[in-house]
1. Determine, yes or no, whether B:Pro77 is at pLDDT below 95 and loosely packed, with under 14 Cβ neighbours inside 10 Å.
2. In the stretch A:22-61, which residues are part of a helix (DSSP H, G or I), of a type in the set (Ser, Thr, Tyr) and within 16 Å of DNA strand C (Cβ to nearest atom)?
3. Tell me the residue from B:Glu171, B:Glu124 that is loosely packed, with under 15 Cβ neighbours inside 10 Å, in the same structural domain as B:Arg199 (by TED's automatic domain parsing) and under 14 Å from the mean Cα position of the chain (by Cα), please.
4. Show the residue pairs meeting these rules: Cβ distance below 6 Å; 6+ apart or different chains; first residue within the stretch A:14-32 and more than 23 Å from A:Trp172 (Cβ to Cβ); second residue in a loop (DSSP other than H, G, I, E, B).
5. Take A:Lys56 and decide whether it is within 15 Å of DNA strand D (Cβ to nearest atom), modelled with pLDDT under 95 and either at negative phi or among the hydrophobic types (A, V, I, L, M, F, W, C) (or both).
6. Select, from B:Asp70, B:Asp83, the only residue that is more than 23 Å from the chain's Cα centre (by Cα), within 30 Å of B:Ala161 (Cα to Cα) and away from every other protein chain (no Cβ under 14 Å).
7. I need the full set of residues from the stretch B:138-151 which are surrounded by fewer than 16 Cβ atoms within 10 Å (Cβ to Cβ) and either touching a His at 6+ places or on another chain (Cβ under 6 Å) or within 14 Å of chain A (Cβ to nearest Cβ) (or both), in order please.
8. Where the second residue is aliphatic (A, V, I, L, M) and near DNA strand D (Cβ under 6 Å from one of its atoms) and the first is closer than 14 Å to A:Leu18 by Cβ and in contact (Cβ under 8 Å) with a residue 12 or more places away in the chain and lies in the stretch A:45-56, which pairs have Cβ atoms under 9 Å and are six or more apart or on separate chains?
Number of protein chains: 2
Amino acid sequence: MARKKSLDQGPVLRGQILARASELFYERGYAATSIRDIADAVEISSSTMYHHFTNKQEVLRSIVVGFMVDFNAATLPVLADGDRTVTDRLDEVIRIHIEMSDDRRPELLVGNPIRYALSVDEQEEGIALQARYHDAVLALVEEGRATGELDVRDAGIATMALLDMLNGIREWYAPDGRLDREEVVQDYIALARNLLRARDTAGTESTAATAAAR
Amino acid sequence: MARKKSLDQGPVLRGQILARASELFYERGYAATSIRDIADAVEISSSTMYHHFTNKQEVLRSIVVGFMVDFNAATLPVLADGDRTVTDRLDEVIRIHIEMSDDRRPELLVGNPIRYALSVDEQEEGIALQARYHDAVLALVEEGRATGELDVRDAGIATMALLDMLNGIREWYAPDGRLDREEVVQDYIALARNLLRARDTAGTESTAATAAAR
DNA sequence: GTAAGTGTCGATCGATCGATCGACACTGTT
DNA sequence: AACAGTGTCGATCGATCGATCGACACTTAC
């Protein structure tokens with residue numbers, strides 16, 4: 001086999017590495033995936049990896065931070081949009097949460113072993129990004145409780161229940177299975193309203209339903 | 001240091017190994033935990049490990065299967081108890097689920113990387129045990145929908161939402177934090193009733209409330 | 001045309017991994 | 001006293017790990 005042509009493919013290779021590394025980390029875990037596994041999957045040598053990333057940790061860090069930055073960019077503006085009702089915003093965030101964590105499933109790397117693999121600084125960076133989303137959802141739930149749109153005893157617990165419910169989907173949802181994704185989105189919007197005892201506000205109902213159906 | 005005394009401590013050492021291994025696997029992940037890490041934590045040599053387990057995989061398998069067997073033994077009889085109302089059974093299972101997954105938190109090892117670490121037979125064994133619990137909860141939700149006690153569009157989706165909501169708790173609940181565990185249990189019982197739109201059945205209400213408060 | 005910069009590779013490093021082996025201590029049986 | 005069975009250990013195996021190095025191909029700038 002001839003030497004791989006070294007035409008400058010710019011940041012393309014870096015993106016390929018991140019994409020394949022995400023999948024391997026997601027399936028096997030970070031520790032069980034070797035640099036050579038990733039290199040083989042992208043059909044490069046292991047040494048080439050080190051021209052694009054300083055070490056294995058940096059590959060993981062890029063994936064984790066990259067996803068969370070995009071995720072927050074998509075959700076935070078919606079959560080903080082004061083012009084819309086709480087229920088309306090909640091519906092849309094649930095849709096974004098489900099669709100984004102399904103579309104980019106392998107990139108959503110969380111859990112203790114992932115944290116353990118990162119340096120202290122990287123841990124704090126990742127946790128801070130997650131906390132920003134968490135706090136924004138919590139603020140929305142508290143706002144809903146204040147306006148009477150939602151009815152929960154403890155906003156903190158209800159928020160965790162909601163987020164865990166949404167985060168669990170990617171572990172069992174299979175696109176080729178019994179369920180259509182839009183079906184899942186609609187059901188989860190309804191389930192979330194049940195969970196938080198969303199009030200059927202007559203004035204905003206049509207608006208929310210329209211947004212939910214998109 | 002003198003040679004470790006070899007007084008027969010029966011299955012005690014095996015239990016210690018499993019306990020410490022659980023914690024390390026939970027914190028760092030299976031692949032990132034070496035046989036020597038476990039041995040050091042129990043203060044034995046790595047060779048001694050192999051007199052109690054055939055290999056590293058078998059340690060993981062023992063933990064996973066051991067927990068799920070106990071978990072099913074505690075929950076399945078409740079879920080299938082035809083003499084009680086659906087809501088009543090649901091409340092108690094939620095309590096057991098939360099308390100057991102908190103008490104034995106490190107033993108609850110799940111996810112893709114864990115599956116990847118097990119052999120095909122072991123995977124199927126573990127999945128089968130989890131499926132038995134899942135199916136029993138699903139059957140209860142469907143029963144509740146049939147009797148009118150619960151009101152959900154798709155029982156399968158609602159069941160996954162409920163289970164994910166419960167499984168997420170151990171990732172964030174800290175015993176020394178703001179929340180008392182009994183508080184969490186009570187809130188989740190209420191949240192689950194919201195989620196599944198449990199009907200306030202006049203006849204069984206007092207029974208269910210009593211069971212919930214235990 | 002030649003020098004600098006970039007990207008890729010094979011070869012290889014020391015460290016660590018899971019697992020094995022023989023030696024030895026202790027207990028209980030005969 | 002001799003023996004078998006069990007549990008523990010240090011030493012060590014081959015394999016694989018993350019990471020480094022120098023050599024080489026190719027592009028671009030001058």
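1. Working: at pLDDT below 95: no; loosely packed, with under 14 Cβ neighbours inside 10 Å: yes.
No: the conditions fail for B:Pro77.
2. Here is the first cut: in the stretch A:22-61, the residues part of a helix (DSSP H, G or I) are A:22-28, A:35-42, A:46-52, A:56-61.
When the remaining residues are screened for being of a type in the set (Ser, Thr, Tyr), the result is A:22, A:26, A:46-48, A:50.
Answer for the stretch A:22-61, where residues must be part of a helix (DSSP H, G or I), of a type in the set (Ser, Thr, Tyr) and within 16 Å of DNA strand C (Cβ to nearest atom): A:Ser46, A:Ser47, A:Thr48, A:Tyr50.
3. Answer to the check: B:Glu171.
4. As it stands, the answer is A:Ala31/B:Gly29; A:Ala31/B:Ala31; A:Ala31/B:Ala32, since those pairs meet every condition given.
5. Details: within 15 Å of DNA strand D (Cβ to nearest atom): yes; modelled with pLDDT under 95: no; either at negative phi or among the hydrophobic types (A, V, I, L, M, F, W, C) (or both): yes.
No: the conditions fail for A:Lys56.
6. Numbers: B:Asp70 fails: more than 23 Å from the chain's Cα centre (by Cα).
Just one listed residue meets the conditions, B:Asp83.
7. B:Asp151
8. A:Met49/A:Ile35; A:Lys56/A:Ile35
The values are calculated or read from the model by the stated rules, or taken from the named source; none is laboratory data. These numbers come from a predicted model, not from an experiment. Heads up, the Cβs are rebuilt from the backbone with ideal geometry, glycines too, and the neighbour counts pull from every protein chain shown.
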